[in-house]
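Every read-out reported here was derived from the displayed coordinates using simple, explicitly stated rules and does not represent laboratory data. Nothing here was measured: the structure is a model prediction, and the numbers come from that model. A quick note on method: Cβ atoms are made from the backbone with ideal geometry, for glycine too, and the neighbour counts reach across all protein chains shown.
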Amino acid sequence: MRRILAAAAAAALALTCGAVAAAGPALAVDDGLALTPPMGFNDWNAFGCDVSEDLIKQTADLFVSEGLKDAGYTYVNIDDCWSLKDRDPDTGRLVPDPVKFPSGIAGTADYVHSKGLKLGIYGDAGTNTCAGYPGSLGHETLDAQTLAGWGVDYLKYDNCYNQSDGTQADYVRRYTTMRDALAATGRPIVFSICEWGTTQPWTWGADVGHLWRTTGDISDNWPSLRSIIRQNAPLAPYAGPGHWNDPDMLEIGNGGMTPAEYRTHMSMWAMMAAPLIIGTDLRSASAETLAILTNREIIGIDQDRLGVAGRVVSDTDGLMVLDKPLANGEHAIALYNSTDVLATVGTALGKGRAWRLQDAWTGAVTQARTRVEAAVPPHGTVVYKVRPLNDPGPVAPSVVVGAEIGTVTPATAIPLTSTVANRGAGSLTDVRVGVTAPSGWTVTADTSSRARSLATDATLVTSWTARAPEAVTAGTYALPVTASYIWGNRHRSSTASTLVVTVVTPPPGGTRYLSTVRAADFSNASGPIELDQTNGGSAPGDGNLITVGGHVYTRGIGTSAPSSIRYYLGGSCSSLTTDVGVSTGDAASFTVYADDAVAASATVAAGDAPQTLTADLTGVNWLRLAATSAGTADADWAAPILTCGSGGPVQPVERTLFSFEGGTDGFTIANAGGGGSVETTGAFHTDGDSGLLVHTPVNGNWFGRALDAPLDLSGTSMLKFDMRVETAGSVGEIAVQVGDAFTWCQGGQWTWSNPGGSKTITRSFGDISCPAGVTLDPSDIRAVWVYLNTGGDVSIDNVRAE
């Protein structure tokens with residue numbers, strides 16, 4: 001993992017005592033709607049197509065009983081799959097599914113309205129919705145009238161099957177047509193533009209809708225959340241009352257992230273003045289989930305009537321500071337740590353005697369003299385409401401306890417550094433700092449851990465030595481660091497932070513791809529190192545399949561030179577074999593270090609064939625991979641295989657299902673009449689010499705085949721295939737059919753690849769959803785399908801199980 005030690009963002013805030021006028025694009029949709037970011041619920045993240053009248057009514061009830069309505073949540077929104085597959089043959093109108101919605105949408109709306117809430121629904125600016133139900137392209141006037149007649153208050157308008165030429169003008173035209181149709185009904189309906197940020201809707205959306213998606217779909221995991229924050233935060237100038245940036249719905253409560261990450265989710269959405277649309281099953285939401293969703297201070301920041309999104313004050317090495325002015329003259333300041341280690345994040349305050357800091361999550365009030373600062377846990381965010389303070393004497397000072405440590409290996413002395421910084425007005429006395437170690441560990445101070453006094457902005461720095469036991473297991477461990485001190489009139493207080501320590505142990509015996517082994521630490525010229533793809537840029541996951549000299553690899557490590565990656569072997573491994581090459585850029589030099597000795601090296605230019613390096617690692621404790629370049633280079637370690645102990649088959653083992661070496665392997669289309677065709681190709685292949693070239697229809701189709709006999713995939717946990725987009729961008733997705741009924745089970749997450757991009761599409765069986773009452777049995781697979789769309793050519797290869 002990348003090591004980023006405690007650091008402080010240095011930009012200053014221009015805090016003022018008066019209200020700040022909102023700035024943003026001119027608002028053409030001046031209808032009094034969405035003057036603060038909409039708050040509500042949408043079923044898609046938690047339920048996908050399993051939406052029903054009962055679910056919507058139960059959610060409305062919970063809005064009332066669990067305090068969500070009182071907290072400001074208003075809209076109960078129905079997403080895709082609510083209608084029949086066909087319009088009414090006589091009227092051409094959309095028809096609610098009578099099984100899912102026996103009272104119809106109008107009856108459901110009546111119930112939601114009876115609770116003092118509003119109903120939202122889903123549509124699409126294409127011929128079909130993303131799940132294949134009727135879209136509104138060409139039917140805008142009729143559909144707007146239908147929705148208004150049912151009492152709908154909010155429309156999320158998606159972008160699938162859009163028949164577009166891809167120009168911004170076409171996107172504006174399609175969304176403007178529905179805007180005008182909604183306006184003509186005379187019913188106030190919030191219009192949510194969902195075109196995934198494709199044509200920079202923040203530059204035109206204020207003339208058309210009330211909010212616009214700025215990114216692709218969110219997923220319930222940290223890399224997705226981190227990526228969306230990075231994309232959306234700089235767009236603050238485009239937001240304001242009646243026109244909001246929408247970084248997608250909330251995943252809070254769905255189980256894929258930690259409580260700290262979910263608090264960051266809520267905090268940063270509020271700071272970015274984003275819509276707060278709950279995406280979890282409220283019927284089973286925990287008390288902790290509800291507490292995050294209903295935090296009044298955070299919601300108040302999001303819903304502040306001034307309507308200004310927080311601007312990025314600083315953004316350095318994964319540490320970001322946002323400043324959001326509030327209508328009462330206060331400022332909300334977010335200190336966001338996207339790194340994997342405890343980090344001190346802060347910024348200078350404006351002139352003044354002192355500043356009052358109120359923690360929006362804990363309610364704790366402290367005072368600071370010149371800096372707002374906090375030791376922020378990995379993936380965490382601290383939010384303060386800040387205002388001037390004339391008399392800081394009675395208020396506890398802001399004391400920041402930071403710490404940093406390297407990667408820990410068994411029975412090895414590792415340096416640890418703690419810092420105690422007094423940011424308050426007035427001195428601290430009798431300052432003491434201690435570190436609490438896990439059972440069996442030792443932590444000893446090498447320099448003084450006490451200070452008689454600590455003046456404003458002074459820091460006590462203490463050096464320690466930490467040692468884990470020989471039998472420690474790999475993982476993360478918590479080391480609380482606590483400072484106690486006296487402030488003011490003999491008030492004894494304490495402040496603590498938790499240092500999360502990574503312990504690495506030697507890899508298990510066997511032969512495995514190095515990309516599956518946890519690195520002890522790394523450095524990289526641009527963004528993180530990438531596993532099984534190239535280093536595309538500064539964002540995680542933005543690369544393509546590693547391609548060197550025309551050879552495509554599905555395993556490897558992508559870096560941007562200069563880069564360095566370390567692995568702890570502990571003397572247990574014997575060899576490393578890897579191809580090396582440059583996917584883009586200038587020539588690069590690759591060096592394998594065994595401890596501090598060069599074990600293998602090569603220099604490769606862009607376009608050259610890959611070179612193979614073999615390094616003897618017998619008895620070596622540390623393996624380091626280094627890449628350098630006189631210019632800029634995406635330097636790739638392709639198919640690196642590490643052998644430890646007795647060796648054996650390369651792990652993880654993959655089972656190829658379709659390799660397209662003998663032809664198309666019987667692949668066809670699932671939806672007859674939906675268009676699309678396939679042929680073999682030698683231009684893209686990741687297994688053997690051939691792949692499959694798919695000519696996709698604009699509206700998309702599923703490509704695959706029913707099997708001659710049931711396929712037993714017991715012992716595997718996921719399906720994968722490799723994809724390269726040749727012309728227009730495309731979506732990749734996986735579905736299977738199971739059992740004698742050939743029941744269709746489909747992956748709920750799409751992976752988008754831009755033109756020329758390539759990826760490995762992966763879905764665990766747990767990601768693939770089956771209809772209610774059906775369980776995906778890996779031992780009884782009857783058909784395998786992949787989804788591709790947009791009318792361009794897409795090459796795929798090596799459909800496999802792992």
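log₁₀ I(q)/I(0) of the range 314-503 at q = 0.09, 0.11 Å⁻¹, via Debye over equal Cα point scatterers, no solvent, to two decimals? At q = 0.09, 0.11 Å⁻¹ the computed log10 ratios are -0.35, -0.51.
Sorting the segments 310-316, 83-89 by their mean number of nearby beta carbons within 10 angstrom, highest to lowest, gives 310-316, 83-89. Sorting 118-124, 362-368 by average packing, meaning the other beta carbons within 10 Å per residue, from highest down gives 118-124, 362-368.
In order along the range 395-403, the Karplus-derived 3J(HN,Hα) couplings, from 6.51 cos²θ - 1.76 cosθ + 1.60 at θ = phi - 60°, round to 9, 4, x, 7, 10, 10, 10, x, 6 Hz, and Gly and Pro are given as x. Taking amide H as placed 1.01 Å from N in the peptide plane, I277 has its amide H under 5 Å from the amide H of G40, L250, each at least 5 places away in sequence or on another chain.
Taking the charge dipole of the range 189-301 about its Cα centre, with +1 at Lys and Arg Cβ atoms and -1 at Asp and Glu Cβ atoms, the residue from P247, G279, S267 reaching farthest to the positive side is S267. Over 25 Å apart: what share of the alpha carbon pairs of the range 395-553 falls there, rounded to a whole percent? When all Cα pairs of the range 395-553 are counted, 50 percent exceed 25 Å.
With helices as the sole contributors, the chain gives -3500 deg cm²/dmol at 222 nm; each DSSP H run of n ≥ 4 counts as -39500 (n - 2.57), and the sum is divided by every residue.
Relative to the compact-globule scaling 2.2 N^0.38 Å, provide the ratio for the alpha-carbon radius of gyration of the chain. Let's see the in-between values first.
On the way: Rg = 28.2 Å, N = 802, 2.2 N^0.38 = 27.9 Å.
So the Cα radius of gyration is 1.01 times the expected 2.2 N^0.38 Å.
When the trypsin sites (Lys or Arg not before Pro) in the range 517-570 are filtered for DSSP coil states and for at most 16 other beta-carbon atoms within 10 Å of their beta-carbon, the remaining sites are R518. Amide H contacts of D97: S83, L84, each under 5 Å away and 5 or more positions distant or on a separate chain (H built 1.01 Å from N in the peptide plane; Pro and chain starts excluded).
The 3J(HN,Hα) values that the Karplus relation (6.51, -1.76, 1.60; θ = phi - 60°) gives for the range 604-612 are, in residue order, 10, 9, 4, x, 5, 5, x, 9, 9 Hz. Gly and Pro appear as x. Of all DSSP bridge pairs formed entirely within the range 39-307, close to 10 percent run antiparallel. The Cα-based radius of gyration and maximum Cα-Cα distance (Dmax) for the range 719-802 are 13.3, 40 Å. Note on the range 37-156: with charges restricted to the Cβ of Lys and Arg (+1) and Asp and Glu (-1), its dipole about the Cα centre is near 160 debye.
Once the Cα-Cα distance is subtracted from the 0.36 nm per residue extended length, the T417 to S494 segment shows a gain of 25.9 nm. Based on the reciprocal of the average 1/r between different C-alpha atoms, the Kirkwood radius for the range 39-307 equals 18.6 Å.
Here's the picture: charge each Lys and Arg Cβ at +1 and each Asp and Glu Cβ at -1 in the range 39-307, and of T185, G92, N77 the one pushed furthest to the positive end of that dipole is T185. The range 169-186 and the range 427-444 have Cα centres spaced 63 Å apart. Taking only the Cα atoms of the range 510-651, the radius of gyration and Dmax are 13.7, 41 Å.
Given C-alpha coordinates of the range 655-801, what is the ratio Rg to Rh with the Kirkwood estimate of Rh?
0.94
As a rough guide to protection, the peptides 106-112, 775-781, 418-424 ranked by mean Cβ packing within 10 Å, highest first, stand as 418-424, 106-112, 775-781. Cross-link partners for K156 among the lysines, with Cα-Cα distance under 16 Å and sequence neighbours closer than 8 places in the same chain left out: K118.
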